[in-house]
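Colleague: One structure follows; several queries about it will come next.
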Ligand SMILES: Cc1cc2nc3c(=O)[nH]c(=O)nc-3n(C[C@H](O)[C@H](O)[C@H](O)COP(=O)(O)O)c2cc1C
């Protein structure tokens, strides 16, 4: 059980998030046991349970991250492993008045972003793709540099080296030439640049509906089935 599930104060959550090594050690043990029989050693098309890594960095867009995760949670066969950067926590508080506890409630596992021993730090830990939503310019720049000291950056690096899908929901405006160059470099290295740019032809134009549609487009990129977003010329 995550220490962040209890609706604790920000200070309690942050301290649990960063400091409780024993809790994370126990958590890893739990994760290990959960791997058996799910994704674990299997790497086949028929694999029923899909697994994705969901990184949340400190750009504006926490309501979008929440909406996407809430949509993803309606899929019974999807295991979502989350990494929330330290700066994302501050933005989450500013934009939603919430702590990382919200994310721990909807994730299969919430990792300590400083824990380089966690599964997503290794290419041998299998998954079906990674999303960074929102993706800050700082995280984008770090990913294309091939460096980074956090689990989020390492997991993205691993995803690229293993040639798995990496979707970057970049967010900044206006975009400098550095940002644009970094996006091009990321795309050339195998990432998909997917800013939240809603389409207006789907009928429902509320922000909620557009965020749900966008969640569907992300899943499409990962080739994961869903029915909660409409399609042009299809009756879903
Ligand atoms: C309220 C708030 C909104 C922010 N919005 C953005 C943004 O939209 N895009 C961006 O690149 N950085 C934004 N930042 C700055 C990042 O949080 C900062 O660059 C941070 O170092 C990113 O760290 P991370 O990528 O490791 O999460 C914002 C910061 C705050 C406090």
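Colleague: Kindly check whether there is at least one residue in the range 184-196 that is out of contact with any helix residue (DSSP H, G or I) (no Cβ under 8 Å at 6 or more places or on another chain), within 16 Å of the ligand (Cβ to nearest atom) and under 25 Å from residue 89 (Cα atoms).
Modeller: Step one: list which residues in the range 184-196 are out of contact with any helix residue (DSSP H, G or I) (no Cβ under 8 Å at 6 or more places or on another chain), which gives 184, 187-188, 195.
If we keep only those that are within 16 Å of the ligand (Cβ to nearest atom) as well, we get 195.
Filter once more, keeping what is under 25 Å from residue 89 (Cα atoms): 195.
Yes, the range 184-196 has at least one match.
Colleague: Inspect the range 217-227 for any residue being at pLDDT 95 or above, under 17 Å from residue 61 (Cβ atoms), more than 16 Å from the ligand (Cβ to nearest atom) and in a helix (DSSP H, G or I) and give the result as yes or no.
Modeller: Looking for residues that are at pLDDT 95 or above, under 17 Å from residue 61 (Cβ atoms), more than 16 Å from the ligand (Cβ to nearest atom) and in a helix (DSSP H, G or I), one finds at least one in the range 217-227, hence yes.
Colleague: Could we say that residue 185 is modelled with pLDDT of 95 or more, over 18 Å from the mean Cα position of the chain (by Cα) and either over 13 Å from residue 55 (Cβ atoms) or surrounded by 14 or more Cβ atoms within 10 Å (Cβ to Cβ) (or both) here?
Modeller: Yes, satisfied.
Colleague: Of 90, 156, which residue is surrounded by fewer than 19 Cβ atoms within 10 Å (Cβ to Cβ) and either in contact (Cβ under 8 Å) with a residue 24 or more places away in the chain or touching a helix residue (DSSP H, G or I) at 6+ places or on another chain (Cβ under 8 Å) (or both)?
Modeller: None of the others qualify; the one that does is 90.
Listed here are the residues, each with its yes/no results for (1) assigned to a loop (DSSP other than H, G, I, E, B); (2) within 16 Å of the ligand (Cβ to nearest atom).
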| residue | (1), (2) |
| --- | --- |
| 153 | no, yes |
| 200 | yes, no |
| 205 | yes, no |
| 209 | no, no |
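Colleague: Just name the residue that is farthest from the ligand (Cβ to nearest atom) out of those in the range 101-150 that are buried (at least 24 other Cβ atoms within 10 Å of the Cβ) and assigned to a helix (DSSP H, G or I).
Modeller: It comes out as 120.
Colleague: Considering only the range 164-182, I want to know if a residue exists there that is away from the ligand (no atom under 16 Å from the Cβ) and exposed (fewer than 12 other Cβ atoms within 10 Å of the Cβ).
Modeller: No, the range 164-182 contains no residue that is away from the ligand (no atom under 16 Å from the Cβ) and exposed (fewer than 12 other Cβ atoms within 10 Å of the Cβ).
Colleague: Identify all residues within the range 65-100 that are within 22 Å of residue 207 (Cβ to Cβ) and within 14 Å of the ligand (Cβ to nearest atom); write none if there are none.
Modeller: Result: 65, 88, 91, 92, 93, 94, 95, 96, 97, 98.
The values are calculated or read from the model by the stated rules, or taken from the named source; none is laboratory data. All values reported here derive from a predicted model rather than from experimental measurement. For neighbour counting, all protein chains shown are included, and Cβ atoms are generated from backbone atoms with ideal geometry for every residue, glycine included.
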